[in-house]
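Just below is one structure, and these are the notes that go with it.
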2 protein chains.
Amino acid sequence: MGNLALEPLDRPEGMTTHEYAHRRLRQAIMVGSIRPGESLTIRGIAEAMESSPTPVREALRRLSSEGALRVLDNRRIMVPRMTADRFLELISLRSVLEQHAARRAVPHITERRIDRLAEIDRAQDDAIARKDKATALLLNQEFHRTLYTANPEQVIMPMVESVWLQLGPLLGIAMEHVEQLYLVDRHQEAIAALRKRDEDAVAAAIDADIREGIGGFERPAIENLLRLAGQ
Amino acid sequence: MGNLALEPLDRPEGMTTHEYAHRRLRQAIMVGSIRPGESLTIRGIAEAMESSPTPVREALRRLSSEGALRVLDNRRIMVPRMTADRFLELISLRSVLEQHAARRAVPHITERRIDRLAEIDRAQDDAIARKDKATALLLNQEFHRTLYTANPEQVIMPMVESVWLQLGPLLGIAMEHVEQLYLVDRHQEAIAALRKRDEDAVAAAIDADIREGIGGFERPAIENLLRLAGQ
DNA sequence: TGTTTATTTTTGTGATCACATTTTGAAAAT
DNA sequence: ATTTTCAAAATGTGATCACAAAAATAAACA
């Protein structure tokens, strides 16, 4: 215990320590390198990133607000364990939230941004062809984010990011074991619908993208996956 | 500046200072006693609640994650100003989120909890009859919260709370000026639908409750309200 | 050998301090 | 009167320390 494996991360000049700590921990949680159930210590993290408790505490508070960490009664902090129920809850929320985000983006979308979406989608296809899973996952998120942030009023996106983060640890594991995730690509459908400014069709494409991808798992498959992940 | 008016708040034994600071600031923001645009200082808050910067900073980080505060480039912290666009965005998100929360609660609802909902609704009607606006607002939230928390898996509720908090400052002002908000009561409809375990009807009642209440404002009415609020 | 008790270590928490940056307010110059 | 310049105050930030509670380890007992 105590020896936390945190990959170093690029730190732009002028970035505060607490923000850096937040980014680095977030990244670690997203890729599942912090095992759920394992308790995190403030001093341990501070030491691992060569800083002090104060900024680390701020980062931990933010992450717990974002649902990425859970504070126990003992005041211990850990990455919450995934369960089949929680997983299904997160998926259904993700679907509703992202459909709504997509709808609210449509009136603000420009042809230029749609082109950018097409570009990201191509890059993702490349990554999939190269079997570069990590990049593919990142580009998939980039696609969705680029769509939703067409809306200048950003109140939904932080919540979508929160759901992604809570799903993150399992998502990484799932990609290791399941090929199904790569076969789904409704992005072309979404792009076509966007060109027509057809809100319903965009929402339908996003919904399909989620439900046929990670969200397509039935309960037995999820439980099997959780067993594989050793949780 | 600097002299922050923070109403004292009951502090249960064993509650940490940063959690207390969070609760107290949250409460102040929710009722609109911190003017949007006015910048908050860490030392000012620490002094106002007779503590020190460290726990206050943790509270501020949490609140900014919850969308209640915005951190500017200068690292200044303030309650975000409301605009008509942001308001409409928040309302539509609230509707979508709470309809979903309601649907996901239905399978877990018990008769006992429905009785509790009926009780809360009666208390709210009393408060309205007494023209006790603050209590009515609190009881309305309590009604919605009691419904959604029937679902044992709590991933949606924090997001609903976040939306409430972002809407909070204006909500308080709106209740001062607009009688319309009191006339809406779709709670009875929701209760009837719950007794029948009719998900669609429950969602419809919640949607109506939101859209005919605070959400029923058209853009001109909102802009007028914002003017009244002096923002 | 297994359980309980005592001691040591670890950990979260909150206050304080020093430093760098920003903001503010006064003084000087145009 | 308006703008510019400069000093003083305020502010965010991060490290350090002391304290109390919790956890882990060692010792004593059954």
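Can you find, among A:Leu167, A:His108, A:Ile120, the residue sitting farthest towards the positive end of the charge dipole of the stretch A:84-228, where Lys and Arg contribute +1 and Asp and Glu -1 at Cβ?
Looking along the dipole axis, the top candidate is A:His108.
For A:Gly44, which inter-copy label distances result when the label point lies 7 Å beyond Cα on the Cα-to-Cβ vector, reported in nm to one decimal and in ascending order?
For A:Gly44, the inter-copy label distances come out at 3.9 nm.
Sort shortest first the distances from B:Gln188 to its counterpart in every other copy, using label points 7 Å along the Cα-to-beta-carbon line, and give them in nm.
5.5
With an 8 Å cut-off on Cα pairs and a minimum separation of 6 or more residues, tell me the relative contact order of chain B in percent.
Averaging sequence separation for qualifying contacts and normalising by length gives 24 percent for chain B.
Leaving out ligands and nucleic acids, and using a 1.4 Å probe, what accessible area per residue does the stretch B:118-207 come to in Å²?
44
Quick one: putting +1 on the C-beta of Lys and Arg, -1 on the C-beta of Asp and Glu, what dipole do you get for the stretch B:23-96 around its Cα centre, in Debye to the nearest 20?
Result for the stretch B:23-96 is approximately 80 debye, rounded to the nearest 20.
Using a 10 Å cut-off around each Cβ of peptide A:159-168, what is the average number of partner chain Cβ atoms that fall inside?
Whole-number average of other-chain Cβ neighbours for A:159-168 is 2.
Between beta-carbons, use under 13 Å as the cut-off and find the net charge around A:Thr41, counting Lys and Arg +1, Asp and Glu -1.
Within the 13 Å Cβ shell, the charges total +2.
Quick check for you: with a 1.4 Å probe and neighbouring chains kept, what is the accessible area per residue of the stretch A:40-87, in Å²?
I get 49 Å² per residue for this part.
Radius of gyration and Dmax for the stretch A:17-78's Cα atoms, expressed in Å?
Taking only Cα atoms of the stretch A:17-78, I get Rg and Dmax of 10.5, 28 Å.
Under 8 Å for C-alpha pairs, at least 6 residues apart: give me the relative contact order for the stretch A:103-159, rounded to a whole percent.
Reported relative contact order: 49 percent.
Using a 1.4 Å probe and counting only protein heavy atoms, how much accessible surface gets buried when B and A come together, both sides summed, in Å² to the nearest 100?
2800
With the full set of protein chains in place, find how many percent of the accessible area of the stretch A:17-142 is carbon and sulfur; take the probe as 1.4 Å.
44
Taking each residue in B:13-20, count the Cβ atoms of any other chain within 10 Å of its Cβ, then average. What number comes out?
The mean count of partner-chain Cβ atoms within 10 Å per residue comes to 1.
Note down the magnitude of the dipole of chain B about its Cα centre, charges +1 on Lys and Arg C-beta and -1 on Asp and Glu C-beta and zero elsewhere, to the nearest 20 debye.
Roughly 620 debye for chain B.
Hey, what number do you get for the protein assembly as shown at 222 nm if only DSSP H runs of n ≥ 4 count, each worth -39500 (n - 2.57), divided across all residues, to the nearest 500?
-20500 deg cm²/dmol
Among B:Gln141, B:Ser51, B:His187, whose Cα projects farthest towards the positive end of the dipole of chain B, with charges put on the beta-carbon of Lys, Arg (+1) and Asp, Glu (-1)?
B:Ser51
What is the average number of partner chain Cβ atoms found within 10 Å of a Cβ in A:87-97?
The mean count of partner-chain Cβ atoms within 10 Å per residue comes to 4.
Where Lys and Arg each count +1 and Asp and Glu each count -1, what net charge lies around B:Arg11 among other residues with Cβ under 11 Å from its Cβ?
-1
Please state the charge dipole magnitude for the stretch A:79-143, taken about the Cα centre, from unit charges on C-beta atoms (+1 on K and R, -1 on D and E), reported in debye and rounded to the nearest 20.
Dipole about the Cα centre, nearest 20: 160 debye.
What helices does chain B hold that run 15 Å or longer along their axis, going by alpha-carbon atoms, with a Kyte-Doolittle average of -1.0 or more, using DSSP H for the helix calls?
B:53-65, B:84-105, B:111-129, B:133-148, B:157-177, B:199-212
Let me have the relative contact order for the stretch B:1-117, percent, based on Cα pairs under 8 Å that are six or more residues apart.
24
Please work out how much length the chain gains when fully extended from B:Glu142 to B:Arg197, using 0.36 nm per residue of separation minus the C-alpha to C-alpha distance, in nm with one decimal.
Full extension of this stretch gives 17.8 nm more.
Between A:Leu9 and B:Arg112, what is the label-point separation in nm under the 7 Å Cα-to-beta-carbon projection?
Output for this residue pair reads 4.4 nm.
Measuring from the axis that superposes chain A on chain B, report the chain A residue with the minimal C-beta distance, rounded to whole Å.
Residue and rounded Å distance to the axis: A:Ser65, 2.
How much of B:Thr110 can a 1.4 Å solvent probe reach, expressed as accessible area in Å² and rounded to 10?
Accessible area, nearest 10 Å²: 70 Å².
Quick one: with label points 7 Å out along Cα→Cβ, list the inter-copy distances for B:Thr110 in nm, shortest first?
5.6
The values are calculated or read from the model by the stated rules, or taken from the named source; none is laboratory data. Quick caveat, the model's predicted, so the values are computed rather than measured. All Cβ positions, even for glycine, are placed from backbone atoms using ideal geometry, and neighbour counts span all protein chains on display. Just so you know, the surface numbers come from the protein's heavy atoms only, side chains and all, with ligands and any DNA or RNA stripped out. Shrake-Rupley method; radii C 1.70, N 1.55, O 1.52, S 1.80 Å.
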